[in-house]
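Notes follow the structure.
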Amino acid sequence: MTSANPRVGLIGLAVMGKNLALNIADHGFDIAVFNRTTSVMDEFIKENPGTPGQLVGCQSLKEFVAAIARPRVIIVLVKAGPAVDSIVQQLIEAGLDADDIVVDAGNSLWTDTIRREKDYAGKLKFFGSGVSGGELGARFGPSLMPGGDPKSWKHLEPIWTAIAAKVDARTGQPIPGAEPGKPVQGGVPCTAYLGPNGAGHYVKMVHNGIEYVDMQLISEAYFLLRSLLGLKPDELAEIFSDWNQTELDSYLIEITADVLRQKDPRNKKKFLVDVILDAAGQKGTGKWTASNALDMGIPANSIAEAVFARCMSAIKGERLIASKKLRGPVIKKLRAGKAVVEAIRQALYCSKICAYAQGFQLMREAQKEYNWKLDFGSIASIWRGGCIIRAKFLQKITDAYQTNPQLVNLLMDPYFRRQIQNGQDDWRKVVTLAANNGIPAPAFMSALAYYDAYRCAVLPANLIQAQRDYFGAHTYERVDSPSGQFFHVDWPAENRPEIKA
């Protein structure tokens, strides 16, 4: 250990931890680092000499705690769940003070963050922050979603503001990352204080739920193009590259083009995408989002469909058997290439708008439940750079909420209304093509169903409520009576079929 007295420490030197530590050091902050496996920490220090801020390796947690200037800011990047509580308890035993700040920068469940803030009160200041951007984001500028005690944020803010991704103040477009040791200069940082206790981790969870559906929609567009037009991966790569010059400009569209161009390392005559098994993994944050939407009673059906699509992909063995037994329509190849490509592009954009509308609608409800005051314009703005879902149209979402902070749904914003109006004919054609040809497109279909249901003044729920009153005396409201006044019919016994157990 050296004589440096860092103002920040970081625990957990896996991929994200290493890169975030280097990002912090690049911005001139001395940083103490600790890893449970000491050899990993030793190798990390050895491989990264001469950073602008000094990397201080610590052999034990006691040494780590003693090395950091008070009030200590300690970033924890370990697996979400019991591991977080375990390391916090060890830090307390190693000598943390009540004013020291422990920042959980992992993908923790927001309710765990709320609990931990209460459990550790008086022993330390527990703080939660979402971090998005993957390995490169952590290294050169992630999107950071902090939530916790406002006083703790004042100590963390200079660090988070420095290391976050930066976007152009005028256009909202990401400023390209710099070389190691040469941070981005200027720009608007992609971080902002979001609210108390679990607000940061909640927003990060919704970000991941949107990420799930964004990826699903892109995969459905890919599958439709390939199935209907018979295009090869490199031809599809050119289409996605072209789309990245339109309203669909985004990180995920950009990397999709790169993925589709990639040849198989084992056989250069094949494309990698064709040898990857069609079984998608998941770590749970998308499921959390869908589950919370159900708990809140918010119709985030496209996010849920994206989660279920991964579940469906995982039962590969069953699907192989079913493919030989179950019959559907024969796919009819189309020749009107450019028209179909444009229709699918429009369908993708319209579906994307609905998916984001669902995510923001969920956050709007959550703030009531948890007594937060979320700034949706700020949330959209910090997603413009650094994170996985960063996209050009997030500037439009930022603009929408800055124009009208009380906006109840993105679909009600004039810009997004026009986009849906311009694209919905193609959107409906694409969903029809998918259904008629037996091509699964659950996210496209559910997004359209969401749009049609949201714009529908009358839904068939009146019949459902009548059924509920019939078999369970659940009551109903009337259209010709004040809201909140409930009625029940004593349904004639002679008209009621006998219900047998």
For this session: Return a yes/no flag: does the stretch 77-88 have any residue that is closer than 12 Å to Gly9 by Cα and not in a helix (DSSP H, G or I).
Result: yes
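Would you check which residues across the stretch 327-356 are in contact with a Phe, Trp or Tyr (Cβ under 7 Å, 6 or more places away or on another chain) and of a type in the set (Lys, Arg) and list them? I'd like the intermediate steps shown before the answer.
Pass one, the stretch 327-356, residues in contact with a Phe, Trp or Tyr (Cβ under 7 Å, 6 or more places away or on another chain): 345-347, 350-351, 353-354.
Selection gives Arg345 alone.
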For this session: Find the residue count for the stretch 26-69, including only residues that are in contact with a Cys (Cβ under 6 Å, 6 or more places away or on another chain) and either closer than 20 Å to Ala162 by Cα or outside the structural domain of Ala164 (by TED's automatic domain parsing) (or both).
Result: 1
For this session: Using the structure shown, decide if Asn267 is more than 20 Å from the chain's Cα centre (by Cα) and more than 30 Å from Pro176 (Cβ to Cβ).
Result: yes
For this session: Could you list all residues from the stretch 98-125 that are farther than 27 Å from Thr51 by Cβ and under 23 Å from the mean Cα position of the chain (by Cα)?
Result: Ser108, Leu109, Trp110, Thr111, Asp112, Thr113, Ile114, Arg115, Arg116
Exercise. Of the residues in the stretch 191-219, how many are crowded, with 24+ Cβ neighbours inside 10 Å, in contact with a Leu (Cβ under 8 Å, 6 or more places away or on another chain) and either of a type in the set (Val, Ile, Thr) or under 18 Å from Thr432 (Cα atoms) (or both)?
Worked result: 4
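Yes or no, residue by residue, for (1) assigned to a helix (DSSP H, G or I); (2) surrounded by 14 or more Cβ atoms within 10 Å (Cβ to Cβ):
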site: Arg310; (1), (2): yes, yes
site: Phe360; (1), (2): yes, yes
site: Glu369; (1), (2): yes, no
site: Trp372; (1), (2): no, yes
site: Ser381; (1), (2): yes, yes
site: Gly386; (1), (2): no, yes
site: Tyr401; (1), (2): yes, yes
For this session: Run Ile92 past the list (1) under 27 Å from Thr111 (Cβ atoms); (2) without any contact (Cβ under 8 Å) to a residue 40 or more places away in the chain; (3) out of contact with any Leu (no Cβ under 8 Å at 6 or more places or on another chain); (4) not in a loop (DSSP other than H, G, I, E, B) and report the number of the one that doesn't hold.
Result: (3)
Seminar exercise, completed: Wholly inside the stretch 1-60, strands (runs of 3 or more DSSP E) that include 1 or more residues that are surrounded by 21 or more Cβ atoms within 10 Å (Cβ to Cβ) and in contact with a Pro (Cβ under 8 Å, 6 or more places away or on another chain) are 31-34, 55-57
Problem set entry | Matching option when the condition is out of contact with any His (no Cβ under 6 Å at 6 or more places or on another chain) and over 18 Å from Ile159 (Cα atoms), among Leu194, Leu217 | Leu217
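Would you mind stating whether Leu236 is in contact with a Phe, Trp or Tyr (Cβ under 7 Å, 6 or more places away or on another chain), assigned by TED's automatic domain parsing to the domain that holds Leu411 and farther than 30 Å from Gln367 by Cβ?
Details: in contact with a Phe, Trp or Tyr (Cβ under 7 Å, 6 or more places away or on another chain): yes; assigned by TED's automatic domain parsing to the domain that holds Leu411: yes; farther than 30 Å from Gln367 by Cβ: yes.
So Leu236 fits the description; yes.
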Exercise. Which condition does Ala435 not pass, out of (1) among the aliphatic types (A, V, I, L, M); (2) surrounded by fewer than 20 Cβ atoms within 10 Å (Cβ to Cβ); (3) under 23 Å from the mean Cα position of the chain (by Cα), if it passes all the others?
Worked result: (3)
Exercise. Does the stretch 410-453 hold any residues that are in contact (Cβ under 8 Å) with a residue 60 or more places away in the chain, farther than 19 Å from Ala306 by Cα and hydroxyl-bearing (Ser, Thr, Tyr), and which are they?
Worked result: none
Problem set entry | Among residues of the stretch 119-177, those that are part of a loop (DSSP other than H, G, I, E, B), of a type in the set (D, E, K, R) and more than 25 Å from Glu211 (Cβ to Cβ), counted | 3
For this session: Could you give me the residue pairs with C-beta distances under 8 Å whose first residue belongs to the stretch 300-311 and is under 15 Å from Lys283 (Cβ atoms), whose second residue is not in a helix (DSSP H, G or I) wherever it lies, and which are 6+ apart or on separate chains?
Result: Val307/Gln282; Arg310/Ala280; Arg310/Gly281; Arg310/Gln282
For this session: Show the residue pairs that are 6+ apart or on different chains and have beta-carbon atoms under 8 Å apart, the first residue being within the stretch 382-409 and more than 24 Å from Asn244 (Cα to Cα), the second being of a type in the set (A, V, I, L, M).
Result: Tyr401/Ala380; Tyr401/Leu407; Leu407/Ala400; Asn409/Ala357
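Being exposed (fewer than 14 other Cβ atoms within 10 Å of the Cβ) and more than 30 Å from Glu247 (Cα to Cα): is that true of Asp490 here?
Working: exposed (fewer than 14 other Cβ atoms within 10 Å of the Cβ): yes; more than 30 Å from Glu247 (Cα to Cα): yes.
Yes, satisfied.
The values are calculated or read from the model by the stated rules, or taken from the named source; none is laboratory data. Only a predicted model underlies this, so the values are computations on that prediction, with no experimental measurement involved. Here the Cβ is made from the backbone with ideal geometry for all residues, glycine too, and neighbour counts use every protein chain on show.
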